[in-house]
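Visitor: After the structure tokens below, expect a handful of questions from me.
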Amino acid sequence: MTKAGKAQKGEGIPQMLLRPVGVVRSKVEKPSLVAHSGDLEWRAKLAQVREEQNVISELVIDSDLEGILDGIEDFSHIMVLYWAHHVTPEGRSIIKAHPMGRRDLPLTGIFATCSPARPNPICLIAVRLLERKGNVLKVVGLDAIDGSPLIDIKPYLPNYYAVADAKRADWMMRIEREFAQDSAEGMQ
């Protein structure tokens, strides 16, 4: 680390080796949000997003790791970490972007977004676990596309992960309100 507290590229940072533990199987074949021309671009319609939230996906764990799942069926929800494998080298170099590609929202550091376009395209989501059959978990609510490598799975623990007084950026609350409003209108 330098005196200013900035890590220099490669200085004092240990090497990492990630091993996929399995793969996502899903009807979702294309990402909704992609890196394009140095920013993000939203390519989905709201109806498509609502539909994808209800898609049942399978998490296929490598058969040599099957025992790693023992006990997971005792949880209603799990946290899934996966690699957004369609993020291009261009997308991995984005430093700032407009959230969801919306120019009406502020240009924001990529770590202040949930975008898969980031230096290490690791995504995290909590999903409902429907069932386990051997080395396959069926889940609903996964936003990963078909073929995404699985990095890890953890049980969702509401007392551990949920934070009651979490602050969010004004633009994020705006997006949440718009999604909620559009979802309510879509159900009518």
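Visitor: Of the residues that sit in region 53-94 and are of a type in the set (Gly, Ala, Ser) and in contact with a Lys or Arg (Cβ under 7 Å, 6 or more places away or on another chain), which one is surrounded by the most Cβ atoms within 10 Å (Cβ to Cβ)?
Guide: In the first step, residues of region 53-94 are kept if they are of a type in the set (Gly, Ala, Ser); the result is 57, 63, 67, 71, 76, 84, 91, 93.
Right, trim to in contact with a Lys or Arg (Cβ under 7 Å, 6 or more places away or on another chain) and you get 57, 76.
Values: Ser57: 25, Ser76: 11.
Selected residue: Ser57.
Visitor: Which is within 18 Å of Val24 (Cα to Cα) and under 17 Å from the mean Cα position of the chain (by Cα), of Leu130, Leu124, Leu69? Full working, then the answer.
Guide: Details: Leu130 fails: under 17 Å from the mean Cα position of the chain (by Cα); Leu69 fails: under 17 Å from the mean Cα position of the chain (by Cα).
None of the other options fit; the residue is Leu124.
Visitor: Another one. Can you find, within region 49-66, the residue that is nearest to the chain's Cα centre (by Cα) among those that are of a type in the set (D, E, K, R) and at pLDDT 95 or above? Write out each step before concluding.
Guide: Just the residues of region 49-66 that are of a type in the set (D, E, K, R), to begin with: 50-52, 58, 62, 64, 66.
Narrowing the set further to residues that are at pLDDT 95 or above leaves 58, 62.
Working: Glu58: 16, Asp62: 21 Å.
Among those that are of a type in the set (D, E, K, R) and at pLDDT 95 or above, it is Glu58.
Visitor: Among what's in region 161-172 and is outside any loop (DSSP other than H, G, I, E, B) and at pLDDT 90 or above, pick the residue that is nearest to Pro20 (Cα to Cα). Don't jump to the end; show me each part of the working.
Guide: Step one: of region 161-172, the residues outside any loop (DSSP other than H, G, I, E, B) are 161, 170-172.
Filter once more, keeping what is at pLDDT 90 or above: 170-172.
Values: Asp170: 36, Trp171: 34, Met172: 31 Å.
For region 161-172, the residue satisfying everything is Met172.
Visitor: To continue, here is another question. Scan region 48-102 for residues that are among the hydroxyl-bearing types (Ser, Thr, Tyr) and closer than 22 Å to Ser115 by Cβ and jot them down. Show your work before the answer.
Guide: Step one: filter region 48-102 for residues among the hydroxyl-bearing types (Ser, Thr, Tyr), giving 57, 63, 76, 82, 88, 93.
Across region 48-102, the qualifying residues are Ser57, Tyr82, Thr88, Ser93.
Visitor: Suppose we filter region 1-48 for residues that are within 30 Å of Phe179 (Cβ to Cβ), of a type in the set (S, T, N, Q) and either in contact with a Pro (Cβ under 6 Å, 6 or more places away or on another chain) or at pLDDT 85 or above (or both); how many remain? Lay out the reasoning, then the answer.
Guide: If we filter region 1-48 for residues that are within 30 Å of Phe179 (Cβ to Cβ), which is where we start, we get 22-48.
Retained after the next criterion (residues that are of a type in the set (S, T, N, Q)): 26, 32, 37, 48.
If we keep only those that are either in contact with a Pro (Cβ under 6 Å, 6 or more places away or on another chain) or at pLDDT 85 or above (or both) too, we end up with 26.
The qualifying residues number 1.
Visitor: Which of the residues spanning region 133-164 are surrounded by 14 or more Cβ atoms within 10 Å (Cβ to Cβ) and more than 19 Å from the chain's Cα centre (by Cα)?
Guide: Passing the criteria: Asn135, Val136.
Visitor: Let me spell it out: the conditions are (1) in contact with a helix residue (DSSP H, G or I) (Cβ under 8 Å, 6 or more places away or on another chain); (2) part of a helix (DSSP H, G or I); (3) free of Cβ contacts under 8 Å to residues at least 24 places away in the same chain, and Ile175 meets all of them except one. Which number is the exception?
Guide: Every condition holds for Ile175 apart from (3).
Visitor: Now for a different question. Write out, first by first residue and then by second, each pair whose Cβ atoms fall under 7 Å of each other, whose residues are 6+ apart or on separate chains, and whose first residue, in region 9-35, is closer than 20 Å to Arg118 by Cα while the second is part of a strand (DSSP E or B) and of a type in the set (D, E, K, R).
Guide: Close Cβ pairs satisfying both conditions: Val34/Glu41.
Visitor: Still on this structure, I have one more. What's the number of the only condition in (1) at pLDDT 85 or above; (2) within 22 Å of Ala112 (Cα to Cα) that Lys154 fails to meet?
Guide: Of (1) at pLDDT 85 or above; (2) within 22 Å of Ala112 (Cα to Cα), only one is false for Lys154: (2).
Visitor: Mind listing whichever residues of region 133-162 are of a type outside the set (A, V, I, L, M), farther than 19 Å from Leu65 by Cα and either in contact with a Cys (Cβ under 7 Å, 6 or more places away or on another chain) or without any contact (Cβ under 8 Å) to a residue 60 or more places away in the chain (or both)? Lay out the reasoning, then the answer.
Guide: Looking only at region 133-162, we keep the residues that are of a type outside the set (A, V, I, L, M), and these are 133-135, 138, 141, 143, 146-149, 152, 154-156, 158-161.
Filter again for farther than 19 Å from Leu65 by Cα, leaving 141, 143, 146, 156, 158-161.
Correct list: Pro158, Asn159, Tyr160.
Visitor: If we only count strands (runs of 3 or more DSSP E) wholly inside region 58-156, which ones have 3 or more residues that are more than 25 Å from Glu176 (Cα to Cα)? Break it down stepwise before answering.
Guide: Details: elements: 77-83, 122-133, 136-140, 149-155.
Those strands (runs of 3 or more DSSP E) span 122-133, 136-140, 149-155.
The values are calculated or read from the model by the stated rules, or taken from the named source; none is laboratory data. It should be emphasised that the depicted structure is a prediction, and the values quoted were computed from it without experimental measurement. So basically every Cβ, Gly included, is an ideal-geometry build from the backbone, and we count neighbours across all protein chains shown.
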